[in-house]
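> Starting off with a structure, shown below.
The values are calculated or read from the model by the stated rules, or taken from the named source; none is laboratory data. All figures in this text were calculated on a predicted structure; none of them were measured in a lab. Glycine also receives a Cβ, built like all others from the backbone with ideal geometry; neighbour counts cover every protein chain displayed. The area values use the complete protein model at the heavy-atom level, side chains included, leaving out ligands, DNA and RNA. Shrake-Rupley method; radii C 1.70, N 1.55, O 1.52, S 1.80 Å.
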Amino acid sequence: MKKWIIPIVVLMTACASESVPEGEAVQAVTPEEKPTETVGEEVEVTPEAPVWPRLSNATCKDFLLEYGQKNTANRVVIHTPYGDIKVKLYDDTPIHRANFLYLIERGYFAPTQIVRIVKDFVVQGGNSEEPEDQEERFLIGDYTLPNEIQAHHIHTRGALAMSRNYEGNPEQRSSAYDFYIVDGRDISNVEFFQVKEENGYNYTDAQEAEYKKRGGAIHLDGKHTVFGEVTSGLSVIDKIADLETDASDWPVMELIVSMEVVE
């Protein structure tokens, strides 16, 4: 960190104070007659913390697209008491990718809670009702994300996606905070047929083979934005999925996780 020598000028006459608009720098003025002595001291200059806007539905898209252009990482590690989960974020869901990275930088996911566990379905987190988390969400912004649902990103085991409200949400906008990872179950041929009929979803042969190999939550396809996938740590998902929960699927023992971006 650079250090600058800032001279402290001692004036023998009083000066009138002048207010400076917030955010503008105060420039030192050199007097016409210099004092006979100046005293220099080393002052460590600390970089100012960034000032983040409070996001809304109207502003989040442009902000996050710009943020994503400056922050191109697509690898995240989720640290849990049972081991690490490594995930890859998709570049073709740029708003969701940028939002996840942004929340990590804001410290929202450091730490956060797993708030819902449904074995053979999903492990869900990021939307704790703890007072600190509610305060953080207020400060970051009350917003949802435009959906980036794509047919080639499906809910196979290990898929990373965002939850959403089903009522009053015809655009299928995603929650900004509430993520889930698919634990999943085996998909039968009958269920494949039913999903195709009900949702009009056409799967490639490769996608069908992937579902039959890995399982997943096929009924969510076309309804939520999948924006990443687990690349390492599926066994950790299994351990979490086996934890005891209450009647509302909340873990009986508090489960805290944290995240960091890796290159």
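> In whole Å, what are the extents of segment 41-179 along the principal axes defined by its C-alpha atoms, from largest to smallest?
Ordered largest first, segment 41-179 gives principal extents of 64, 38, 30 Å.
> Okay, next question. Kirkwood hydrodynamic radius for segment 57-121: how many Å is it when counted over pairs of different Cα atoms?
For segment 57-121, the Kirkwood estimate is 13.3 Å.
> Which loop-located GluC sites (Glu not before Pro) does segment 48-120 contain, where loop means any DSSP state but H, G, I, E or B and the Cβ has at most 13 other Cβ atoms within 10 Å?
Glu48
> To continue, here is another question. Going from most exposed to least, what order do Leu243, Leu55 have by accessible area with a 1.4 Å probe?
Leu243, Leu55
> What's the carbon and sulfur percent of segment 177-224's accessible surface, probe 1.4 angstrom, rounded to a whole number?
Reported share for carbon and sulfur atoms: 46 percent.
> Just to verify a number: what accessible area does Lys119 come out at with the full protein assembly present, 1.4 Å probe, Å² rounded to tens?
110 Å²
> Here are some pairs, Lys196/Lys223; Lys119/Lys223; Lys88/Lys196; which of them have Cα atoms lying more than 25 Å apart in this structure?
Lys88/Lys196
> Counting only heavy atoms of the protein chains, get the accessible area per residue of segment 120-263 (1.4 Å probe) and round it to a whole Å² value.
Per-residue accessible area for segment 120-263 comes out at 51 Å².
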